[in-house]
1. Does Gln200 satisfy the criteria of being within 18 Å of Leu88 (Cβ to Cβ) and within 22 Å of the chain's Cα centre (by Cα)?
2. Need the failing condition index for Gln61 against (1) more than 20 Å from the chain's Cα centre (by Cα); (2) over 18 Å from Phe135 (Cβ atoms); (3) exposed (fewer than 13 other Cβ atoms within 10 Å of the Cβ), just the number.
Amino acid sequence: MRAMTKTEQHVIKGNKPFPFSLPHPLLSALSESTMADLLKSLTWSAHEKGKIIFLAGDAAQFFFVIKSGWVKLFRETMDGDQSVVDVLSAGQIFGKAALFEGNTYSYSAEVVEDAEIGAMPLSLLKREIEVNNAFAQAMIKYMADIRRQQEQEIEHRSLQNAPQRIGCFLLRLTTQGSEGPATMDLPYDKTLLAARLGMQPETFSRALSRLREDTGIRIKGSRIEVDNLNTLSQYSCSACSSNFPCKDLKDRT
């Protein structure tokens, strides 16, 4: 990873709290001294859309927290295409798994909507794992949760058809456990959403139309209106080992 230039940094240093809510399970398990050290070393940078934060295989020195905007995590396939691993928004952290992957990043990170991102040294997390048992356990649980999510996505791509995968994505945008009507806004453009769900853009468009025909959703640009979430969940979850509300999200409501 190349060094950050002074002209693109908005530096906020000193023992200051994050300037936004960040109820992240990893940060809540940090010792006070390590949290203070992280905040002292925290450096904010403003990035425009298209900026590469790091590439797969780069030596990992930092992990990152998003204050605003969107970041795409991806890997390149053998034929040069991109396989989107995740799309992250404000309050989410990325790059920390490099601690367990030979201190290199296993995926690339690209800004897909102008973003402000904070960088903090991975060495502080490594030190915390060595001395703080509670944090080490929190890290193990967090990585296990990510692994389960990845396994569920593999299941979705294997067992759900394209309209069901879109329906599942929409359900995860709603308040978990709610019933009846709902309105949700797609968080990013449909081309990126298609890639996130493992589809070509034209496949996504056809699948979204099919989902509308089968469930009665209304599509108004990037806004989706649903008359009955039960209808959408019965349609989307029939080929999934989980149910609505989603097990990994219901504790956040």
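Values in this text are rule-based calculations from the coordinates and carry no lab data. Since this is a predicted model, take the numbers as computed values, not measurements. Glycine also receives a Cβ, built like all others from the backbone with ideal geometry; neighbour counts cover every protein chain displayed.
1. No.
2. Result: Gln61 fails condition (3) only.
Yes/no matrix, rows are residues, columns are (1) within 19 Å of Leu73 (Cβ to Cβ); (2) in contact with a Cys (Cβ under 7 Å, 6 or more places away or on another chain); (3) hydrophobic (A, V, I, L, M, F, W, C):
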{"site": "Gln150", "(1), (2), (3)": "yes, no, no"}
{"site": "His156", "(1), (2), (3)": "yes, yes, no"}
{"site": "Gly180", "(1), (2), (3)": "no, no, no"}
{"site": "Pro187", "(1), (2), (3)": "yes, no, no"}
{"site": "Leu193", "(1), (2), (3)": "yes, no, yes"}
{"site": "Ala207", "(1), (2), (3)": "no, no, yes"}
{"site": "Gly216", "(1), (2), (3)": "no, no, no"}
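Each row is one residue, and each column tells you yes or no for (1) polar (S, T, N, Q); (2) part of a helix (DSSP H, G or I); (3) surrounded by 19 or more Cβ atoms within 10 Å (Cβ to Cβ); (4) touching a residue at least 12 places away in the same chain (Cβ under 8 Å).
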{"position": "Ala36", "(1), (2), (3), (4)": "no, yes, no, yes"}
{"position": "Asp79", "(1), (2), (3), (4)": "no, no, no, no"}
{"position": "Gly91", "(1), (2), (3), (4)": "no, no, no, yes"}
{"position": "Ala97", "(1), (2), (3), (4)": "no, yes, no, yes"}
